[in-house]
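First up is the structure itself, then whatever we jot down about it.
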Amino acid sequence: MIRAYLFDLDGTLFRGSVAIPGAAEAVNALRARGAAIRFLTNNSTRTRDEFAAKLRGFGYVAEDREVYSTAAGTAFHLNESGLKSAFVVGEIGLKATLAESGIAVVEEGPADAVVVGLARNFSYDMLKEAMERIRAGAAFVATNPDKTYPVEGGGLIPGAGSIVAAVRACSGVEPFIVGKPNPFLVRAAVAELRLNPEEVLVVGDRLDTDIEAGKAAGCPTWLVLSGVEPALPDGQPGSADVTGLL
């Protein structure tokens with residue numbers, strides 16, 4: 001029996017600034033039936049409260065504590081690993097989350113880690129600085145490997161994974177990846193819910209991140225076609241969008 005749902009955000013509940021029709025009503029209906037709802041995103045550009053506010057703006061019932069983001073996951077990983085400073089290739093939400101968690105975000109000089117996420121202001125100079133620090137011994141930590149990112153109108157833009165690939169290529173170092181397909185965030189949510197993995201359905205729009213992470217955590221999965229994937233593979237449960245869960 002499914003007692004909780006872990007929803008991806010981009011491509012699953014909205015695309016950029018556009019809501020997916022009927023999605024908020026469907027998720028709220030599942031909540032009204034007694035299911036626990038959590039939101040898991042590989043997007044590192046916002047803080048948890050900003051993601052929750054965006055969800056509420058689309059009509060979802062959402063609390064800050066229900067959002068699991070790669071920014072928060074990265075902060076946890078750095079603290080657990082004893083990495084106290086980071087050069088960040090990313091946006092303000094990631095930097096703010098790290099700083100609030102006690103990580104010193106450095107712009108110049110050495111750093112314990114280089115953290116790479118989605119950075120729409122990415123430049124050659126950023127790439128060079130990231131490479132130099134990693135080659136000097138800084139840990140290479142990536143928020144997520146998503147090569148593309150779904151936006152309004154059915155389009156795609158380069159995702160954090162494209163930037164991670166560039167840093168990997170010039171540094172020659174493989175990163176530790178915090179977000180999906182690493183099941184870290186899924187397992188954290190399942191543990192917080194105090195449920196068995198088989199009672200928690202992971203819902204997302206990407207086979208290589210959302211679905212893979214859910215399966216790695218031992219959870220059943222549901223693929224929606226409102227984001228990246230064009231069709232359901234044989235044997236993969238899913239629907240056109242989240243309204244198919246009702």
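Just so you know, all these numbers are worked out from the coordinates, no wet-lab data involved. Owing to the predicted nature of the structure, the values given are computational and were not obtained by experimental measurement. Quick reminder, even Gly has a Cβ in these numbers, built from the backbone with ideal geometry, and neighbours come from all protein chains shown.
If amide hydrogens are placed 1.01 Å from N in the peptide plane, which non-local residues have theirs closer than 5 Å to the one on residue 15?
20
Largest first, please: the extent of the C-alpha atoms of segment 100-184 along each principal axis, to the nearest Å.
That gives 42, 30, 26 Å along the principal axes, largest extent first.
Run lengths n ≥ 4 of DSSP H only: what is the helix-derived mean residue ellipticity at 222 nm for the chain, with -39500 (n - 2.57) per run over all residues, to the nearest 500?
-9500 deg cm²/dmol
Counting alpha carbon pairs within less than 8 Å and at least 6 residues apart, what relative contact order, in whole percent, applies to segment 83-177?
26 percent
Can I get the semi-axes of segment 1-152's equivalent ellipsoid? Compute them from the C-alpha gyration tensor as square roots of 5 times the eigenvalues, in angstrom, largest first.
With the √(5λ) rule applied to segment 1-152, the semi-axes are 32, 16, 12 Å.
As an exercise, identify the GluC sites (Glu not before Pro) in segment 68-136 lying in DSSP coil whose Cβ has no more than 16 other Cβ atoms within 10 Å.
107, 108
What trypsin sites (Lys or Arg not before Pro) in segment 106-201 are in a loop by DSSP, with at most 10 other Cβ atoms within 10 Å of the Cβ?
Within segment 106-201, the qualifying trypsin sites (Lys or Arg not before Pro) (loop, at most 10 other Cβ atoms within 10 Å) are 194.
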